[in-house]
Amino acid sequence: QVQLVESGGGLVQAGGSLRLSCTASGRTFSSKAMGWLRQAPGKEREFVAAIDWSGSSTIYADSVKGRFTISRDNAKAAVYLQMTGLKPEDTAVYYCAGRRDTRASTGSDYHYWGQGTQVTVSS
């Protein structure tokens, strides 16, 4: 079993930056693809970014491409989401998620979830 804990959310003005972190328990973190997904009030959860087990392959939603960067540090069992150029429409609860697979995915096939961290972008 893997437990995920997110941190780094908060309130930021439009155009600002935030870095989300997710730390994982368990010895198998390095073999798992990881992702960030988000859910805004009244909306369905949506994919944001994903990274494969090694960090060599990443995928981004079109809405964040060029502004967000996902990365991981397997030695620290951590995955990060650097967010720049934030917009009010980025406001959501951001979830860290892991797969029982080494390949990055844009789908909903994640098996482990964190509790979420709130990101609010003011205009």
Given charges at beta-carbon only (K, R positive; D, E negative), |dipole| of the chain in Debye:
240 debye
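Per the 1.4 Å probe, what fraction of the accessible area of region 1-67, in percent, lies on carbon and sulfur atoms?
46 percent
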Per residue, accessible area of region 2-70 with a 1.4 Å probe, heavy atoms of protein chains only, in Å², comes to 52 Å²
Please state the relative contact order of region 22-75 as a whole percent: Cα pairs under 8 Å, 6+ residues apart?
28 percent
Rg followed by Dmax, in Å, when the chain is reduced to its Cα trace:
13.3, 42
Projecting the Cα atoms of Thr102, Ser17, Ser7 onto the charge dipole of the chain, where Lys and Arg contribute +1 and Asp and Glu -1 at Cβ, the residue farthest towards the positive end is Thr102
Could you state the number of Å between the C-alpha centres of region 1-72 and region 96-121?
7 Å
With each label point set 7 Å from Cα along the Cα-Cβ vector, what nm distance links Ala14 and Lys65?
2.3 nm
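The values are calculated or read from the model by the stated rules, or taken from the named source; none is laboratory data. Predicted model only: the values in this text are computed from it and were never measured. Glycine gets a Cβ as well: all are built from the backbone with ideal geometry, and neighbour counts include every protein chain shown. Quick note on the areas: whole protein, heavy atoms, side chains included, nothing else; ligands and nucleic acids left out. Shrake-Rupley method; radii C 1.70, N 1.55, O 1.52, S 1.80 Å.
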